[in-house]
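These notes are about the structure you will find just below.
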Amino acid sequence: MRRAIVALLLVLPLQAQSAHPAGPFAHTLAGPVASVDPMIGVGGDPDDGINLFPGAAAPFGMVQLSPETEDKGLGYHSIQKWLKGFSMTHMSGPGCANEGEVFFTATTGPVVTQANDYQTPYAHTQETAEAGYYAVQLLQWKILAELTATPHTGVARFRFPAGTPGNILVPISHTLNQTESAQIRIVGSDRIEGFVEDHAFCNKPGTYKVYFVMTFDQPFTTHGTWTGDEYGGHGTLAPGARTAAQSTHDHTTGAWVMWPAQNEAHSVTARIGISYVDIAGAENNLRAEAAGHDFDSVRRETQQQWNKELGKIEITGGTSRQRRIFYTALYHSQLAPSLFSDADGRYLGFDQRVHTIADGHQVYTNISGWDVYRTQFPLLAMIQPARAQDIAQSIVLMYEQGGWIDRWPQINLYTNDMIGSPLTIMLSTAWLDGLHGFDMDTAWEGMLKDATQAPPAGKPYLGEEGIEWINQLHYLPSDKVTYGSVAKTLEYCLAYAALSRLATDLHKGPEAGTLAARSLSYRNVFDPETGFFRPRRSDGSWEPAFNPAQDGHGFVEGTGWHYMSFAPADMSWLVASMGQARFNQRMDAFFDYPVPGWYAQFYNPLNETDFQAPYAFHFAGRPWRSQQVVRRILRENYLDTPDGIPGNDDLGATSAWAVLSMMGLYSVDPTSLAYELVAPSFPRIVVHLDAPYPAKTFTLTTTGSTASTPYIHSVRINGRIHTQNWLGFDDIRRGSTVAFTLRDTPDESWGTHPEDAPPSISRH
């Protein structure tokens, strides 16, 4: 999703800079982790929407420990020249101010407490980022800062110069959003603990607390606290004090500890555990994962864990640049959803009570529903089945404890962000893929409620806004639902289609029929005369003066052009209703953009609204055209530079599009279990499968140079000729071998017959 919409008509790439700075503290890496570059996607201008973080995290970790170049906002942008410090929590490219809790940094000399005083210039030539590791020289202080992380903890090592005292500051009031309250306490001579209360992202209501325990590998000799009127304002130092608190959002507080000057450079290591439950949870997380482990051993273990997760997809061939783009995208696809339960299994539920998850399972949060149901979650269901089932059960627990299924849950809060019922599609995808390790009975109850009922008044969740009009008119009227009436109708219908397929699988015949009929309501906002989805009033008339190139106008984060092909569950009907010739002509015009950018009438590679559009040609007899435009998108939009990801990554959504497309697979409608085929970007790709899938590997191979032969001439699955331009998920989970014969010019015969098209509701 892209909440801070770019005001420009097009976005030109930033000037390329070294994607892998040759920092003085780099070391030799082996395995897939060697091809990961977290500096890809850290962006330029803070307004351009590219806002990933370069810091250290374990796969799906609760802790995502990273530097910050902003006091408020998105966190880190490579174009900014001053580094503020480091914080323990981040989200990977969501597009608005978020998290940044448990902030700390290091200085030398007299203690300073204002951000403008402790910030430091830094240089990309003295900065290194790897999966699970980050390091930078704090130039003003001549300190080398290194970061690594475990799932629940962060480890920071600061190398102080000789001849001056070394300080670690914890300005606990600093977050990237709006801090509501905080407390901090210095314990003994080697520990700081406390909490910070922050607001939900994107100006959503609700707050949450992050508790922390920070310990040091050697005792400090001096300490104190400070308070201030506002962030960045003049603080009042209290040397020797051990406690401080912030009670309102317009006050600040923090603590500092100091080590005396030494004759030689020396290092201090801080180990930090966090928890959303309490201090005891943070302490136990620290004890379970970091106590007794030095910095280098944690770094090695985390990078080994990344090798394990990245190694689930093994690629052969391609250039080093292609491998870097692929594995960095796969890395970004496995940062979220983030771990929410503590090492002891405790977590804070949506009922604000402490619960304990069963042994062997974990609870996840920060589920970017509207974004990831299209790409990242189907990818996780393929390569992370156990984790995908725990994510599904986390959604079920949200419903059990909170009373409804949200669209975009953050921490244990309903944000109601974006539109549709994306988590319904995710749950359905998991189950239909064969992942049954979650409570489907409870999930079904929650999904059916969301699909048919309005939530009770006074609750923190919104459900399907305007559902009373769906129930009455079978579409959302533009004069009654003023924001996104068309887009919401289309998204709701996709969820109904998913539920209909799920009901069939669960042998719920009556519900399957009702939901299948309900899923066709999208047709009520299709104008056959113009060939566009279009806002419609409650009296049945079309909204006058409709302009399909006008932003908004019944749509969300897009135009009528961007939503032109958004009937993922029933593309065959859409093509037939528009007319195949007109459909293909329109789609050709849609992809006839001069350079990638945010346009009103052309394909927008920066946002999820038209993720499926490059694959729409599969349903209209021209799969070769999909092969062509997918390669162009990968070539122009996915680079190994700081602006190498188009727009927001939205917790892996955009990166997962690249992973799947480079594999030669994409599912326009994940619950159809159909994956459209394009030419893979590598000669050989092996997906290592885990239980409950029956096979161990799924393999894709190609002939010739994949760079110069982007068009499919023929496909064989397990040696058998395959003329359909898609394959079923059964072929994946059963461990098939898919062999592509490629060529350098379009083959306008392969996969072009009507019976070769992927399934739709109207054509099975």
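Would you check which residues across segment 582-598 are of a type outside the set (D, E, K, R), under 16 Å from F532 (Cβ atoms) and surrounded by fewer than 24 Cβ atoms within 10 Å (Cβ to Cβ) and list them?
If the condition is that a residue be of a type outside the set (D, E, K, R), under 16 Å from F532 (Cβ atoms) and surrounded by fewer than 24 Cβ atoms within 10 Å (Cβ to Cβ), then N584, Q585, A589, F590 are the ones that fit.
Has segment 43-53 got at least one residue that is crowded, with 24+ Cβ neighbours inside 10 Å, modelled with pLDDT of 90 or more, touching a helix residue (DSSP H, G or I) at 6+ places or on another chain (Cβ under 9 Å) and within 28 Å of L286 (Cα to Cα)?
Within segment 43-53 (the criterion being crowded, with 24+ Cβ neighbours inside 10 Å, modelled with pLDDT of 90 or more, touching a helix residue (DSSP H, G or I) at 6+ places or on another chain (Cβ under 9 Å) and within 28 Å of L286 (Cα to Cα)), the answer is yes, since at least one residue qualifies.
Has segment 57-66 got at least one residue that is part of a loop (DSSP other than H, G, I, E, B), in the same structural domain as Q304 (by TED's automatic domain parsing) and more than 16 Å from the chain's Cα centre (by Cα)?
no
Say we look at segment 484-526 and pick out the residues that are in a helix (DSSP H, G or I) and among the charged types (D, E, K, R); which of these is nearest to L448 (Cα to Cα)?
Filtering first and then ranking leaves E511.
If I filter segment 600-637 down to residues being of a type in the set (A, V, I, L, M) and part of a loop (DSSP other than H, G, I, E, B), which single residue comes out as farthest from the chain's Cα centre (by Cα)?
A600
For segment 738-755, which residues satisfy the criterion of being surrounded by fewer than 18 Cβ atoms within 10 Å (Cβ to Cβ) and outside any strand (DSSP E or B)?
D744, T745, P746, D747, E748, S749, H753, P754, E755
So D406 ticks every box in (1) surrounded by fewer than 24 Cβ atoms within 10 Å (Cβ to Cβ); (2) closer than 26 Å to A569 by Cα but one. Which box is left unticked?
(1)
Does D406 count as closer than 25 Å to Y461 by Cβ, within 20 Å of the chain's Cα centre (by Cα), part of a helix (DSSP H, G or I) and of a type in the set (D, E, K, R)?
So D406 fails the test.
In this structure, does L330 turn out to be among the aliphatic types (A, V, I, L, M), touching a strand residue (DSSP E or B) at 6+ places or on another chain (Cβ under 9 Å) and closer than 24 Å to P38 by Cβ?
Here the answer is yes, as L330 does meet what is asked.
I need a count of the residues in segment 662-674 that are surrounded by 24 or more Cβ atoms within 10 Å (Cβ to Cβ) and either in the same structural domain as I383 (by TED's automatic domain parsing) or within 18 Å of S565 (Cβ to Cβ) (or both).
Summing the residues that are surrounded by 24 or more Cβ atoms within 10 Å (Cβ to Cβ) and either in the same structural domain as I383 (by TED's automatic domain parsing) or within 18 Å of S565 (Cβ to Cβ) (or both) in segment 662-674 gives 7.
Among the candidates G100, G93, G166, which residue alone is surrounded by 24 or more Cβ atoms within 10 Å (Cβ to Cβ), at pLDDT 95 or above, closer than 26 Å to N607 by Cα and not aliphatic (A, V, I, L, M)?
Being surrounded by 24 or more Cβ atoms within 10 Å (Cβ to Cβ), at pLDDT 95 or above, closer than 26 Å to N607 by Cα and not aliphatic (A, V, I, L, M) holds for just one of G100, G93, G166, which is G100.
What is the one condition in (1) in a helix (DSSP H, G or I); (2) under 21 Å from A616 (Cα atoms) that T723 does not satisfy?
In the conditions (1) in a helix (DSSP H, G or I); (2) under 21 Å from A616 (Cα atoms), T723 misses (1) alone.
Is it true that Y475 is farther than 27 Å from Q362 by Cα and either under 27 Å from the mean Cα position of the chain (by Cα) or part of a loop (DSSP other than H, G, I, E, B) (or both)?
In short, yes.
Of the residues that make up segment 680-695, is at least one under 25 Å from A498 (Cβ atoms), in a helix (DSSP H, G or I) and in contact with a helix residue (DSSP H, G or I) (Cβ under 8 Å, 6 or more places away or on another chain)?
No, there is no match, as no residue in segment 680-695 is under 25 Å from A498 (Cβ atoms), in a helix (DSSP H, G or I) and in contact with a helix residue (DSSP H, G or I) (Cβ under 8 Å, 6 or more places away or on another chain).
Check segment 110-118 and report whether any residue there is buried (at least 24 other Cβ atoms within 10 Å of the Cβ) and either at pLDDT 95 or above or under 24 Å from F201 (Cβ atoms) (or both).
No, the conditions are met nowhere in segment 110-118.
Could you tell me whether any residue of segment 638-658 is in contact with a strand residue (DSSP E or B) (Cβ under 6 Å, 6 or more places away or on another chain) and either crowded, with 24+ Cβ neighbours inside 10 Å or assigned to a helix (DSSP H, G or I) (or both)?
No: zero hits.
For the condition on the phi > 0 side of the Ramachandran plot and in contact with a helix residue (DSSP H, G or I) (Cβ under 6 Å, 6 or more places away or on another chain), what is the one hit in M418, M426?
Residue meeting the stated conditions: M418.
I'd like the full set of residues that are among the aliphatic types (A, V, I, L, M) and surrounded by fewer than 18 Cβ atoms within 10 Å (Cβ to Cβ), limited to segment 513-568.
A517, A545, A549
Criterion first (farther than 24 Å from T120 by Cα, within 28 Å of the chain's Cα centre (by Cα) and surrounded by fewer than 21 Cβ atoms within 10 Å (Cβ to Cβ)) does P219 satisfy it?
No; evaluated as a whole, the condition is false for this residue.
Considering only segment 717-726, state which residues are surrounded by fewer than 22 Cβ atoms within 10 Å (Cβ to Cβ) and in contact (Cβ under 8 Å) with a residue 24 or more places away in the chain.
Across segment 717-726, the qualifying residues are T723, Q724.
Looking only at strands (runs of 3 or more DSSP E) that fall completely inside segment 296-399, which ones have 1 or more residues that are more than 18 Å from I685 (Cβ to Cβ) and either modelled with pLDDT of 95 or more or over 13 Å from the mean Cα position of the chain (by Cα) (or both)?
The strands (runs of 3 or more DSSP E) meeting that bar are 346-348, 354-356.
For a quick check of your reading of the model, give me the residue pairs whose first member lies in segment 283-304 and is closer than 15 Å to A270 by Cβ and touching a residue at least 24 places away in the same chain (Cβ under 8 Å), whose second is assigned to a helix (DSSP H, G or I) and hydrophobic (A, V, I, L, M, F, W, C), with beta-carbon atoms closer than 8 Å and at least 6 apart or on different chains.
A290/V298
The values are calculated or read from the model by the stated rules, or taken from the named source; none is laboratory data. On a predicted model such as this, the values are computed, not experimentally measured, just so you know. Here the Cβ is made from the backbone with ideal geometry for all residues, glycine too, and neighbour counts use every protein chain on show.
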